[in-house]
1. Relative to the longest principal Cα axis of the chain, at what angle does helix 240-254 sit, 0 to 90 degrees, rounded to 10?
2. Report, in deg cm²/dmol and to the nearest 500, the calculated mean residue ellipticity at 222 nm for the chain, where each DSSP H run with n ≥ 4 adds -39500 (n - 2.57) and the sum is divided by the residue count.
3. With the chain treated as a Gaussian network of Cα nodes joined by springs under 10 Å, which of Gln11, Gln347, Gln339 yields the largest mean-square fluctuation?
4. Based on the Cβ-Cβ distance from Lys336 to Arg308, what FRET efficiency comes out when R0 is 35 Å, to the nearest 0.05?
5. Quick one: Karplus J couplings for region 25-34, per residue in order, coefficients 6.51, -1.76, 1.60, θ = phi - 60°, nearest Hz, x for Gly and Pro?
6. I'd like the distance separating the alpha-carbon centroids of region 248-265 and region 155-213, in whole Å.
7. With a 1.4 Å probe and all protein chains left in place, how much accessible area per residue does the chain have, in Å²?
8. List the residues, sorted by chain then number, that are 5 or more residues from Ile276 or on another chain and whose placed amide H is less than 5 Å from its amide H.
Amino acid sequence: MRAYFKFEFIQFMFNKKNIAIYVILLFFACFYALKMAPSYDPIEQVDREEIEARFLTREDFLTNLVIDENTYPLTRFAAAIYPEWNEYDKQRLDAIDNNDLKKYAESTYKWYEYSDFMIFRNGRDLLYYNPRYYTAGNLYATEDGHYAYMYSASRFKGYAEGNSDLSMDVFEERTALQTLQRLLHGYLPLILLVSCILFTADIVLKDKRNPTLIKGFPISIWKRLLVKGGIALIGSFLTVVPLSVGFFIIAIQNGFGDLKLPVPIFSYEARAFTMISMGEYLFQNTLLILFWFMLLISLLLLISITIRNEFANLALGLVVVFAEFYYYVRGLGFVKDIQWYPSSYVQVGQIIAGYREYLNNSIELNLTNGLLVMSACTAVCLLITFLISNRRGFKYLR
């Protein structure tokens, strides 16, 4: 079995298609690191001019305000809430001028907490979040702003109370680890899962080209399939190698970050954020991606010995990964049990961060249920594959 494993691994690594996938991933990693990452423009960023302009406008209003019996109610309301807002902005400005990053983090988390409380309670008609949440006809601008402000308040509170090295790049989530966090929250899981499908699609069917050579290994069909699945799993994880090149380029530009950096995790049940470390966050993402790899590989092995068509492998694998795009509607989890669909867990980073709980109004879209669903589906696929491959008269090559 060891000889067969070595044979399959060498074939996998020298497969031109697989080499092309790794080269493409390397190209995109470098392109992202050199072109896209430097142009990252976060909505919530450290902008002294913006803070100062907001502070001076409110300060001028309060200085020249005269309240009497004829004062309009909204003016009285502004006079009541502006002083505390300006107190936090003044603290932020002083912290920037003194390069006191801990103080900036502390005053900023209080600013976000106060801002979110005032805007979400009085919003839609009186107060608004950052204008960039209201672009492109966003129907959920208030909800998006509410989540972002709660997230920012929790994140800066973690910076203020933690022991991590702070910098402006950390505050704007530009470091290598924070960039990885943002990518896991976006399209990186899709890239990894599609790569896994491409690696596995022909790993069984390619044996048709060398039937005599394959028959030379005295190994059962089931063990042969397990070896191929293991090779596909290793190859899928090796995508980290070309992608890490971009990671280190970003680390050189903006710093590596810190595995102890706080990562806010939203709980729909508590309607609040808790905190885990960056290291724990990345571990949980890796665990869910591992279970995704095993599900896709087991599914494609089953299709390979039943349908025996490489295009079917690609098509059905991609359907599983992208199925959520066909049924997803914001808030769907409130009326439908989408937590039992494997495709609901494709956005790995959003599942771990609790963002999917927030979007779908559901406490069920979490890591535990994701691992449960992945495990069950993988077990079913492997069981069916085992039964078929051990059936009397089954032919591996035909």
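1. 20
2. Working: 18 runs with 256 residues, N = 398.
Dividing the helical sum by the residues of the chain leaves -21000 deg cm²/dmol.
3. Gln11
4. Details: r = 35 Å, r/R0 = 1.00.
Given R0 = 35 Å and the Cβ-Cβ separation, E is 0.50.
5. Per residue, the Karplus-derived 3J(HN,Hα) values read 4, 5, 4, 5, 5, 5, 4, 5, 5, 8 Hz.
6. Cα centres, region 248-265 to region 155-213: 14 Å.
7. On the way: 19870 Å² over 398 residues.
Solvent-accessible surface per residue comes out at 50 Å².
8. Close amide H contacts, sequence-distant or interchain: Val263, Ile265.
The values are calculated or read from the model by the stated rules, or taken from the named source; none is laboratory data. Note that this is a predicted model, so its numbers are computed, not measured. Methodologically, a virtual Cβ is constructed for each residue, glycine included, from the backbone with ideal geometry; neighbour enumeration extends over all protein chains shown. For the accessible areas, the whole protein counts, side chains as well, though only heavy atoms, and no ligand, DNA or RNA atoms are used. Shrake-Rupley method; radii C 1.70, N 1.55, O 1.52, S 1.80 Å.
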